[in-house]
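The values are calculated or read from the model by the stated rules, or taken from the named source; none is laboratory data. Worth saying up front: this structure is predicted, and the values here are computed from it rather than measured. Cβ sites come from the backbone with ideal geometry, for glycine too, and all protein chains shown count toward neighbours. The accessibility values were calculated without ligands, DNA or RNA, using every heavy atom of the protein model including side chains. Shrake-Rupley method; radii C 1.70, N 1.55, O 1.52, S 1.80 Å.
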Amino acid sequence: QATDNYAAAEAAIAECHSNFAAGDNFALSARLECYRGGFALAQGRLDDAVVLLRNGIAYGRGLGLPVLLSYQVDLIEAYVLSGRLLEAGAEYEDFHAKAALHHTRWTVLADARARSLVSTGEVSLTAFTAAIALWTPSDSRFDLGRTLMGYGDRLASLGRTREAREQHLAARVLFTQHGA
């Protein structure tokens, strides 16, 4: 997918699904759907992202896989970007409760980012500023870029275009540094 060879990607995905089904490996099936959903989100295919992420998370829900928490944040972002704010809020509440059970540095950062995404108006700007302030040099620069991108999007939606451009540029620099 990353090299735009969609035919080969779909063939590989079909083979994976076939192998996973033969071995009843629902955890791998769940992660594969979530990977696909994350990729759809990165490409801006929001409806596909929502379906794939929701399915992947549903597959893995009964398995209690903490790794799916990261995809739950992706689903929250997909809901927000597609204007499905009620669903984003409900997903955030579920994520927040689960993240509290798996308290790590990552869950603290992810929760702050997700809270920023579901907040509205000026409150969201304060939430984004607080989330960004949590990052340290040892934290994921890619996730910081995603937070800056969300902040820029929110600033733009509130008519603060100059500030939005600054945040988008900062996010782009981080993405470029990581080959994204």
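Tabulated data for the structure shown
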quantity	calculated
Any hit, segment 90-103, residues being open to solvent by less than 40 Å² (accessible area, probe 1.4 Å), more than 20 Å from Q43 (Cα to Cα) and more than 16 Å from the chain's Cα centre (by Cα)	no
Some residue of segment 26-34 being modelled with pLDDT under 95 and aromatic (F, W, Y)	yes
Criterion: under 25 Å from A90 (Cβ atoms) and surrounded by fewer than 16 Cβ atoms within 10 Å (Cβ to Cβ) - qualifying residue of L169, L134, L125, L117	L134
Residues that are open to solvent by 50 Å² or more (accessible area, probe 1.4 Å) and in contact with a His (Cβ under 6 Å, 6 or more places away or on another chain), drawn from segment 141-166	F142
